[in-house]
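Asker: Structure incoming, see below.
The values are calculated or read from the model by the stated rules, or taken from the named source; none is laboratory data. What you see is a predicted model; the values in this text were computed from it and never measured. Ideal geometry is used to build each Cβ from the backbone, glycine not excepted, and the neighbour counts take in all protein chains shown. Please note that ligands, DNA and RNA were not included when accessible areas were found on the heavy atoms of the full protein model with its side chains. Shrake-Rupley method; radii C 1.70, N 1.55, O 1.52, S 1.80 Å.
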Amino acid sequence: MIKFDQPFVWYMKWASSLTLIVAMIMTTKNMWPYNMFLQCIGVSGWLVVSIIWNDRALIVVNAVAVVIFLNGIFQYFARG
């Protein structure tokens, strides 16, 4: 089993948070679909952190967000 120590979680949550901030800035600049890819990466990172923390509220929010962004990414590629 993989052991996740505190420095890993600390770096993961901050990297994910910064990724989400950049993605939000990209959203305000209408940089679609690239913002969607970054948002998916950011919420995926937070999903990993929330699973490590065993925080059910964060798990639900971030799991739903990952599904929403993956759906949008799938639709982007399905349109061709």
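Asker: Suppose we filter 49, 61 for residues that are in a helix (DSSP H, G or I), out of contact with any Pro (no Cβ under 6 Å at 6 or more places or on another chain) and open to solvent by 40 Å² or more (accessible area, probe 1.4 Å); which single one remains?
Answerer: 61
Asker: Show the residue pairs that are 6+ apart or on different chains and have beta-carbon atoms under 8 Å apart, the first residue being within region 34-49 and in contact (Cβ under 8 Å) with a residue 40 or more places away in the chain, the second being aromatic (Phe, Trp, Tyr).
Answerer: 36/69; 36/76
Asker: Quick check on residue 26: is it in contact (Cβ under 8 Å) with a residue 12 or more places away in the chain, surrounded by 12 or more Cβ atoms within 10 Å (Cβ to Cβ) and within 18 Å of residue 69 (Cα to Cα)?
Answerer: yes
Asker: Same structure, new question: Does residue 18 meet the test of being closer than 20 Å to residue 6 by Cα and out of contact with any His (no Cβ under 7 Å at 6 or more places or on another chain)?
Answerer: yes
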